[in-house]
Structure formats: structure tokens, C-alpha cells
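Step one of this worksheet: look at the structure below.
The values are calculated or read from the model by the stated rules, or taken from the named source; none is laboratory data. All values derive from a computational prediction rather than experimental measurement. As a convention, Cβ positions derive from the backbone with ideal geometry for all residues, glycine included, and neighbour counts pool all protein chains shown. These accessible areas exclude ligands, DNA and RNA; they are computed on the full protein's heavy atoms, side chains included. Shrake-Rupley method; radii C 1.70, N 1.55, O 1.52, S 1.80 Å.
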Amino acid sequence: MTLNIISAQSVIFTGEVKSVTLPGSMGSFTVLRDHASLISTLTEGEIRYTDNDGNHCKTAISGGVVSVDSNIISVCVA
């Protein structure tokens with residue numbers, strides 16, 4: 001899966017990942033390969049992801065939106 005995290009100022013992360021956990025407005029949720037398409041708003045919290053090498057990473061956000069489609073996760077953060 002490809003994860004893209006962007007803000008109005010810069011690209012924060014772009015790369016291949018095994019899983020992504022996001023702070024959704026109705027609760028935290030995890031996206032794995034072949035997840036159903038979705039669009040969701042995000043609240044303040046952390047985006048946690050595991051890259052293909054098994055490294056666990058996190059990025060703090062104050063909110064945003066996410067789109068998941070065809071194994072591409074696009075996150076626009078505030």
C-alpha cells in the first residue's frame with residue numbers, strides 16, 4: 001500500500017506501508033491491504049504506520065481528511 005501524508009506546506013511522508021492507524025472522528029481505525037474505499041475526517045491525534053521494513057512510525061496531527069482507494073491512502077492534514 002502507498003501512504004501519502006501532506007499538509008498545505010509540504011509532503012510529510014510518501015512511501016510503502018503494511019498498515020496505517022488513523023484518528024477518525026468516530027474513533028481510531030486501521031487500514032490494511034485491500035481495504036474497502038472510504039473517505040473520513042480525522043481529529044487531533046497520531047497517524048501510526050508500519051513500513052515494509054517493519055519500522056513503526058508516527059506523525060502527530062491536529063486534524064484532516066483521509067481517502068482510501070485501491071491501496072492508496074491519501075491523508076491531508078491541518
Counting only residues that are free of Cβ contacts under 8 Å to residues at least 24 places away in the same chain and closer than 14 Å to VAL65 by Cβ, region 25-44 contains a total of 5
Please determine whether any residue of region 62-76 is over 16 Å from ASN4 (Cβ atoms) and open to solvent by 70 Å² or more (accessible area, probe 1.4 Å).
yes
Working carefully through the options SER19, SER28, SER10, SER37, find the one that is in contact with an Asp or Glu (Cβ under 6 Å, 6 or more places away or on another chain) and hydroxyl-bearing (Ser, Thr, Tyr).
SER37
Taking region 5-23, which residues are without any contact (Cβ under 8 Å) to a residue 24 or more places away in the chain and under 18 Å from ILE72 (Cβ atoms)?
VAL11, THR14
Within region 1-52, how many residues are among the hydroxyl-bearing types (Ser, Thr, Tyr) and either surrounded by 13 or more Cβ atoms within 10 Å (Cβ to Cβ) or in contact with a helix residue (DSSP H, G or I) (Cβ under 8 Å, 6 or more places away or on another chain) (or both)?
8
Given the structure, is ASN55 open to solvent by 30 Å² or more (accessible area, probe 1.4 Å) and within 11 Å of the chain's Cα centre (by Cα)?
no
